[in-house]
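J.: My questions will all concern the structure given below.
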Amino acid sequence: MSDDLAIEATGLEKSFGAVRVLDGVDLAVPPGIVFALLGPNGAGKTTAVRILATLSRPDAGRARVAGHDVERERRKVRRSISLAGQYAAVDGLQTGAENLHMMGRLAGLSPREARQRAGGLLAQFGLADAANRRVGTYSGGMRRRLDLAASLTGRPSVIFLDEPTTGLDLPSRQALWQVIGDLADRGVTVFLTTQYLEEADLLASRIAVIDGGRVVADGSPGDLKKLVAGQRLDLTLADSAAFGAVARLAGGRLVTADPGRLTIGLATEGAAGEIRALLDEFDPDRSAVRSFSVHTTTLDDVFLALTSGTAGRSEVESSRV
Amino acid sequence: MSDVLTMTARSFRLTRRQLDSLFTALALPVLLMLLFVGLFGGAIHTGTGTSYVTYVLPGILLLCAGYGAAITAVSVCQDMAGGIIDRFRSMDVPGPAILAGHIAASIARNIASTILVFGVACLIGFRPHASLPGWLAAAGLLLAFILAMSWLAAAYGLAVRTAEAANGFMFAVAFLPYASSAFVPVATMPGWIQGFARNQPITPVTQSLRGLLLGTPVGSAPWVALAWLGGILAASLVFSGVLFSRRTA
């Protein structure tokens, strides 16, 4: 294992009863970046975060965070990390300032330092006016911002944010994105989980897509976008010979392939000229393609493309960066 | 140690701001005593030659320790169910420190309600005849009871998943004093329950408190009481340790 990485996991496995939540997850996150673990509900994102944050033990596999083993050096890991999540972990009956002061004291600051740190964080997160109000009176967005501020009291080098914007309205999400972006600018490694492609694209310089407990794609936002272009040209082929020929020719442009139904999806920008050129390129004799359709890629398509059966998966894995 | 103090300060603050729970913890014991003494007391003859308020006060004090502990069970349960437990653990706050904050707040609440009940009891005719050692022994025994109940409540709060279930602790604990010598003499109960009533923890604690406060002989009751409370405390500490690590594994 390398010491240069902020987070490194190999072969993480975890089952709850008969349900295999993580099925061999490998991750490598260099320090000082925002890394997004993107996946649908139930993909295993939260379980992965809990193992990396020492709150849960893997059944198999190993992980190092901030240079320390998450199982054998729990305390050292805990001193380097912090965790904020979709359930804002602050007391509704305490004020914002009291919550942050408490977290600062638990992080080992003196009472004086804790007070100063709380004041600084409240100002930085736009909560100075609400500092002396009970958190129970805060809006959802304010609670998440306070939660994030609370996770920064101990000056961690790695921050885990488990779906920090789930359930928030757009202005609150945008305010939170601003704050998360600022963190990475200060050299903190941010490990973000999200189910929003847009969020991962906006914040992260590296994205791993997780589904069914496995990482199905991994790369920069640009790499992933190539995989799941804005539009998709779906071709229904005349026979399996034509299917094979088109699949070979498509190479990296192939998004989906279903040999049973003889359909192939190709990445495209969707312009008429490009569609015409693609049809000419893939079917010069005008016999291989029986019909075609173009449709806009949605988030559902992204996950479908990355997780639809063995054909899709092997394709994605071969294009992994 | 500093973590324990921080967590205690937190629990005190949360307690002060949960006005409904605080009201329950402070006012309910007083109301119960007025109910027993004012409404039932006239019909109950304890055969001890003392007024009913003098007879029943120790039982009321134990009952209110049980109600106070139920609040502890609920707040421990809420901590475990909410996200804040993950934050504390990822900050490496030790489990005992998290629980100790709740215990400290529980003890403080109980001392406040005990003093309140005691004051009202004196107003309505409670006349103790205790020596100074008797007072100290009674206070110590009551404190031991409160401590044991608080840890038992913490263990119960760790064992159940919802605040509603945690609140059920109150009913379980509130039942025991009724089937003891706390409210009526055991000899007046049906024969089949007398064995249970004589040999359950509330009876020796009640008898010790009663004897110590009135300056009458207590025999071996305080030692039996301490053995019970020590056992409950030890079992609760072990259970809460096991449950905490299992809930957070």
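The values are calculated or read from the model by the stated rules, or taken from the named source; none is laboratory data. Note that the structure is predicted; figures quoted are calculated from it, not measured. Here the Cβ is made from the backbone with ideal geometry for all residues, glycine too, and neighbour counts use every protein chain on show.
J.: Only one of A:264, A:275 is surrounded by 12 or more Cβ atoms within 10 Å (Cβ to Cβ) and over 20 Å from residue A:306 (Cβ atoms); which?
T.: A:275
J.: Is it the case that residue B:154 is closer than 19 Å to residue B:96 by Cβ and within 19 Å of the chain's Cα centre (by Cα)?
T.: Considered against the rule, which asks whether it is closer than 19 Å to residue B:96 by Cβ and within 19 Å of the chain's Cα centre (by Cα), residue B:154 comes out as yes.
J.: While we're here: Which pairs turn up if I take residues in the stretch A:91-112 that are at the interface with chain B (Cβ under 10 Å from one of its Cβ atoms) and look for partners that are of a type in the set (Phe, Trp, Tyr) and surrounded by 16 or more Cβ atoms within 10 Å (Cβ to Cβ) with beta carbon separation below 8 Å, at least 6 apart in sequence or on another chain?
T.: That search, which allows pairs on different chains as well, returns A:106/B:88.
J.: I'm trying to understand the selection: among the residues of the stretch B:1-18, which are more than 10 Å from every other protein chain (Cβ to nearest Cβ) and modelled with pLDDT under 90?
T.: Listed by number, the list holds a single entry, B:1.
J.: Would you pick out the residues in the stretch B:152-190 that are farther than 28 Å from residue B:54 by Cα and β-branched (Val, Ile, Thr)?
T.: B:160, B:162
J.: How about the stretch A:66-126: which helices (runs of 4 or more DSSP H) wholly inside it have at least 2 residues that are among the aliphatic types (A, V, I, L, M)?
T.: By residue number, A:96-106, A:111-124.
J.: Does any residue of the stretch B:160-167 turn out to be closer than 24 Å to residue B:136 by Cα and surrounded by 15 or more Cβ atoms within 10 Å (Cβ to Cβ)?
T.: No, the stretch B:160-167 contains no residue that is closer than 24 Å to residue B:136 by Cα and surrounded by 15 or more Cβ atoms within 10 Å (Cβ to Cβ).
J.: Which condition from (1) within 21 Å of residue A:288 (Cα to Cα); (2) at pLDDT below 90; (3) among the hydroxyl-bearing types (Ser, Thr, Tyr) is the one that residue A:263 breaks?
T.: If we test residue A:263 against (1) within 21 Å of residue A:288 (Cα to Cα); (2) at pLDDT below 90; (3) among the hydroxyl-bearing types (Ser, Thr, Tyr), just (2) comes out false.
J.: So, one more: Any idea which of B:227, B:235 is closer than 30 Å to residue B:132 by Cβ and either at pLDDT 85 or above or out of contact with any strand residue (DSSP E or B) (no Cβ under 9 Å at 6 or more places or on another chain) (or both)?
T.: So the residue among B:227, B:235 that is closer than 30 Å to residue B:132 by Cβ and either at pLDDT 85 or above or out of contact with any strand residue (DSSP E or B) (no Cβ under 9 Å at 6 or more places or on another chain) (or both) is B:227.
J.: For the stretch B:32-41, state whether one or more residues are within 19 Å of the chain's Cα centre (by Cα), within 14 Å of another protein chain (Cβ to nearest Cβ) and assigned to a helix (DSSP H, G or I).
T.: For the stretch B:32-41, residues within 19 Å of the chain's Cα centre (by Cα), within 14 Å of another protein chain (Cβ to nearest Cβ) and assigned to a helix (DSSP H, G or I): absent.
J.: OK, next. Can you tell me how many residues in the stretch A:261-280 are of a type outside the set (D, E, K, R) and part of a helix (DSSP H, G or I)?
T.: Adding up the residues that qualify gives 6.
J.: Has the stretch A:28-35 got any residue that is within 29 Å of residue A:127 (Cα to Cα), part of a strand (DSSP E or B) and not aliphatic (A, V, I, L, M)?
T.: yes
J.: Evaluate the stretch A:166-184: report whether one residue or more is among the hydroxyl-bearing types (Ser, Thr, Tyr), out of contact with any Ser or Thr (no Cβ under 6 Å at 6 or more places or on another chain) and not assigned by TED's automatic domain parsing to the domain that holds residue A:273.
T.: yes
J.: Based on this model, can you work out whether residue B:24 counts as under 19 Å from the mean Cα position of the chain (by Cα), in a helix (DSSP H, G or I) and either surrounded by 15 or more Cβ atoms within 10 Å (Cβ to Cβ) or not aliphatic (A, V, I, L, M) (or both)?
T.: Criteria met by residue B:24.
J.: Then there is this: Which count do you get for residues in the stretch B:75-86 that are assigned to a loop (DSSP other than H, G, I, E, B) and in contact with a helix residue (DSSP H, G or I) (Cβ under 9 Å, 6 or more places away or on another chain)?
T.: Going through the stretch B:75-86 one residue at a time, the tally reaches 1.
J.: Same structure, new question: Is there a residue being buried (at least 24 other Cβ atoms within 10 Å of the Cβ), among the small types (Gly, Ala, Ser) and in the same structural domain as residue A:47 (by TED's automatic domain parsing) anywhere in the stretch A:108-123?
T.: So far as the stretch A:108-123 goes, yes, one or more of its residues are buried (at least 24 other Cβ atoms within 10 Å of the Cβ), among the small types (Gly, Ala, Ser) and in the same structural domain as residue A:47 (by TED's automatic domain parsing).
Each row is one residue, and each column tells you yes or no for (1) of a type in the set (A, V, I, L, M, F, W, C); (2) part of a helix (DSSP H, G or I); (3) modelled with pLDDT of 85 or more; (4) under 17 Å from residue A:125 (Cα atoms).
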{"site": "A:146", "(1), (2), (3), (4)": "yes, yes, yes, yes"}
{"site": "A:165", "(1), (2), (3), (4)": "no, no, yes, yes"}
{"site": "A:168", "(1), (2), (3), (4)": "yes, no, no, yes"}
{"site": "A:191", "(1), (2), (3), (4)": "yes, no, yes, no"}
{"site": "A:198", "(1), (2), (3), (4)": "no, yes, no, no"}
{"site": "A:210", "(1), (2), (3), (4)": "yes, no, yes, no"}
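J.: Same structure, new question: Say whether the condition of being in a helix (DSSP H, G or I), within 11 Å of another protein chain (Cβ to nearest Cβ) and touching a strand residue (DSSP E or B) at 6+ places or on another chain (Cβ under 8 Å) is met by at least one residue in the stretch B:92-111.
T.: There is no residue in the stretch B:92-111 that is in a helix (DSSP H, G or I), within 11 Å of another protein chain (Cβ to nearest Cβ) and touching a strand residue (DSSP E or B) at 6+ places or on another chain (Cβ under 8 Å).
J.: Now for a separate question. Of B:179, B:221, which residue is crowded, with 17+ Cβ neighbours inside 10 Å, without any contact (Cβ under 8 Å) to a residue 40 or more places away in the chain and farther than 30 Å from residue B:76 by Cα?
T.: B:221
J.: Next question. Between a residue in the stretch A:201-214 that is farther than 14 Å from residue A:28 by Cα and touching a residue at least 24 places away in the same chain (Cβ under 8 Å) and any residue that is part of a strand (DSSP E or B) and among the polar types (S, T, N, Q), which pairs come within a Cβ distance under 7 Å, given they are 6 or more apart or on different chains?
T.: As it stands, the answer is none, since no pair meets every condition given.
J.: Which of the numbered conditions does residue B:89 fail, given that it passes all the others? Conditions: (1) within 14 Å of another protein chain (Cβ to nearest Cβ); (2) in contact with a helix residue (DSSP H, G or I) (Cβ under 7 Å, 6 or more places away or on another chain).
T.: Result: residue B:89 passes all but (2).
J.: Next question. Select, from A:25, A:34, A:19, the only residue that is exposed (fewer than 15 other Cβ atoms within 10 Å of the Cβ), more than 14 Å from chain B (Cβ to nearest Cβ) and β-branched (Val, Ile, Thr).
T.: It is A:19.
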